[in-house]
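Input: a single structure, listed below in structure tokens.
The values are calculated or read from the model by the stated rules, or taken from the named source; none is laboratory data. Note that this is a predicted model, so its numbers are computed, not measured. Positions of Cβ are generated from backbone atoms using ideal geometry, with glycine treated the same way; all protein chains shown enter the neighbour counts.
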Amino acid sequence: MATETEIKLSLSATAARQLPQLPLLAGSERSSKLLVNTYYDTPDRRLRRERIVVRYRRQGRQWLLGVKTASPIAAGLAQRGEWEAPGRPGEFDFGHVDSVAVRELLETLRAELQPVFTTRFRRDAHVVAPRPGVRIEVALDRGRIDAGAVRQTIREVELELLSGSLNDLFAIALDLQASLPMHPEASSKSERAYRLLDGAPLLAVKAQPVAVLAEMPTMAAFRLIALACIGHLQSNEQGVCHSDEAEFVHQARVAIRRLRSAIRLWEPLLPEPFVARFDPRWQALAKQLGDNRNWDVFRAETLPLLVEAFAGRVDGALLEGRVHRRCVSSRRVSRRAMQSEDYSRLLLDFTAALVALPASPAGLLADFVPRCLSKRARRVNERAAAPLQADVAARHRLRVAFKQLRYGLEFFAPLLVDPLRAEYLQSATALQEMLGRLNDLAVATQLVAAVLPAGNRAEVQAWLAAQTESLLPEFAQLLDDFQQRSAPWKSPDRSGGDRSRSQQFAHSL
């Protein structure tokens with residue numbers, strides 16, 4: 001089996017015309033060919049579910065049967081198995097597929113395979129050799145996807161690693177991006193074609209579980225989790241840019257929070273320059289989306305209650321109009337941020353630095369998880385000891401600490417002990433939701449000052465304070481319930497043995 005390693009970058013028509021003139025490509029080997037590809041699947045889309053691609057490619061007079069394992073793309077990076085051999089369209093001999101599991105599945109489905117969509121594009125390829133032993137194909141693809149009656153333009157650069165390291169591949173990608181605006185592509189041509197076939201509306205995407213293993217090197221787990229966060233973010237970027245649905249912005253912010261939480265969880269093992277360089281940049285992007293999210297929540301959740309509570313005393317139509325304009329204005333800010341060259345550079349810069357991180361001496365994930373979660377649990381307990389009932393800032397600090405623990409629990413879920421895991425996570429989820437409600441009310445208290453006439457502000461803010469006060473008993477109960485839960489991990493005993501983290505956690509209360 002060959003492993004295909006490539007980076008996909010989308011670019012404008014202007015940038016595509018300028019690409020061949022770049023000094024990086026001057027004097028390199030060059031070829032141009034028309035590629036026509038027919039993709040196959042079963043009527044029930046079994047291959048799509050299995051993340052396997054089967055296609056016939058016409059290249060001149062030759063036909064090639066290709067099979068790929070379609071791994072998720074993050075920041076344009078895709079690494080997947082690939083098998084290719086000459087064949088005749090409509091005939092499926094999978095003898096060249098040396099993965100037994102993949103070959104046997106394809107052979108059982110052979111009679112059901114049928115054409116589902118095609119791609120047709122011209123590939124202008126250059127092979128660059130920046131140093132001895134390194135060869136990278138820089139291919140500009142321009143053409144279209146035909147999926148049923150729907151077409152979509154293809155215009156992207158694929159950088160394929162022919163020889164050398166992943167760091168070499170990213171070095172070329174960063175060089176190209178420094179010369180022309182390019183954006184790391186979030187999906188393959190086949191994934192885009194399936195979406196066109198579905199004809200379904202664009203939907204917000206939530207975070208998916210990450211398949212970490214106890215025996216996995218700790219830094220490999222960090223890369224896997226960080227790339228999953230990037231994939232989560234990019235799955236929602238089109239929605240942020242082209243939809244008014246508030247959930248896209250929400251999920252984009254969740255993805256960034258999860259990524260920053262991962263950086264904080266691994267911070268003791270990460271090079272200091274890595275954290276110092278990237279955490280502030282992700283924080284800045286989160287802030288650009290934050291105002292949008294605050295106004296969306298205010299409009300959807302707080303405003304209807306406020307208008308009802310102050311009927312006859314507050315001009316509801318006037319207030320709704322002002323809030324709507326704030327939502328529209330803040331959404332423009334979010335779109336500019338996600339369409340900016342700074343965002344495109346951040347995705348590629350971060351991923352390049354991520355793959356370049358040293359692998360040692362971090363040890364195995366099984367040893368890291370108890371230490372990491374124990375530390376976060378202690379921080380939650382320390383902040384929970386503050387006078388939370390009356391201190392908004394203290395509740396915010398608890399919320400920040402709690403999010404890092406909660407995301408850590410989600411990242412490491414496969415390593416935690418059942419049934420304690422489900423009970424602990426359920427309690428943690430309920431508490432985080434309550435902290436979120438209290439935070440939304442605190443933010444709403446600030447936002448009303450921007451949209452309410454001066455004569456109504458004090459009364460409305462007092463009403464919001466009363467809403468907060470009414471939630472505090474439930475908050476205290478949820479916090480107490482969480483603190484009584486046995487934590488679903490084990491922590492090394494400082495005396496040299498191991499004892500249950502649940503015993504240690506209970507003792508600390």
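Yes or no, residue by residue, for (1) surrounded by 18 or more Cβ atoms within 10 Å (Cβ to Cβ); (2) modelled with pLDDT under 95; (3) not assigned by TED's automatic domain parsing to the domain that holds residue 122:
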| site | (1), (2), (3) |
| --- | --- |
| 176 | yes, no, no |
| 185 | yes, yes, no |
| 209 | no, yes, yes |
| 225 | yes, no, yes |
| 240 | yes, no, yes |
| 262 | yes, no, yes |
| 268 | no, yes, yes |
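Among the residues of the stretch 460-486, the one identified as touching a strand residue (DSSP E or B) at 6+ places or on another chain (Cβ under 9 Å) and under 30 Å from residue 312 (Cβ atoms) is 460. Taking residue 91, is it in contact with a Ser or Thr (Cβ under 7 Å, 6 or more places away or on another chain) and surrounded by fewer than 18 Cβ atoms within 10 Å (Cβ to Cβ)? Considered against the rule, which asks whether it is in contact with a Ser or Thr (Cβ under 7 Å, 6 or more places away or on another chain) and surrounded by fewer than 18 Cβ atoms within 10 Å (Cβ to Cβ), residue 91 comes out as no.
Annotation note: Cβ proximity below 6 Å between a residue of the stretch 186-202 that is more than 13 Å from residue 151 (Cα to Cα) and a residue that is part of a helix (DSSP H, G or I) (sequence gap 6+ or interchain) occurs for 186/234; 202/239. So which residues in the stretch 352-383 are buried (at least 17 other Cβ atoms within 10 Å of the Cβ), assigned to a loop (DSSP other than H, G, I, E, B) and not aliphatic (A, V, I, L, M), if there are any at all? Residues satisfying the conditions do not exist here.
Filtering the stretch 451-464 to residues that are out of contact with any helix residue (DSSP H, G or I) (no Cβ under 7 Å at 6 or more places or on another chain) and assigned to a helix (DSSP H, G or I) leaves 454, 455, 456, 458, 459, 462. For residue 107, the stated conditions do not hold, so it cannot be described as outside the structural domain of residue 259 (by TED's automatic domain parsing) and either surrounded by fewer than 13 Cβ atoms within 10 Å (Cβ to Cβ) or under 23 Å from residue 154 (Cβ atoms) (or both). Just one of the numbered conditions (1) crowded, with 20+ Cβ neighbours inside 10 Å; (2) without any contact (Cβ under 8 Å) to a residue 40 or more places away in the chain; (3) not in a helix (DSSP H, G or I) is not true of residue 387: (1). Which residue pairs have Cβ atoms closer than 6 Å, lie 6 or more positions apart in sequence or on different chains, and pair a first residue in the stretch 414-430 that is within 17 Å of residue 402 (Cβ to Cβ) and of a type in the set (Gly, Ala, Ser) with a second residue that is assigned to a helix (DSSP H, G or I) and at pLDDT 85 or above? Here the result reads 427/481; 427/482; 428/406; 430/478, each pair linking the stretch 414-430 to a residue that is assigned to a helix (DSSP H, G or I) and at pLDDT 85 or above. Of note, residue 461 does not satisfy the criterion of being surrounded by fewer than 17 Cβ atoms within 10 Å (Cβ to Cβ), more than 26 Å from residue 216 (Cβ to Cβ), modelled with pLDDT under 85 and over 28 Å from the mean Cα position of the chain (by Cα). The residue pairs whose first member lies in the stretch 290-310 and is without any contact (Cβ under 8 Å) to a residue 60 or more places away in the chain, whose second member is among the β-branched types (Val, Ile, Thr) and in a helix (DSSP H, G or I), and whose beta carbons are closer than 8 Å, counting only pairs six or more residues apart or on different chains, are 291/333; 292/249; 292/333; 293/249; 296/249; 299/323; 303/323. For the stretch 281-314, name all the residues that are loosely packed, with under 14 Cβ neighbours inside 10 Å, of a type in the set (A, V, I, L, M, F, W, C) and within 29 Å of residue 337 (Cα to Cα). Scanning the stretch 281-314 gives 284, 300. The one condition from (1) free of Cβ contacts under 8 Å to residues at least 60 places away in the same chain; (2) within 22 Å of the chain's Cα centre (by Cα) that residue 173 does not meet is (1).
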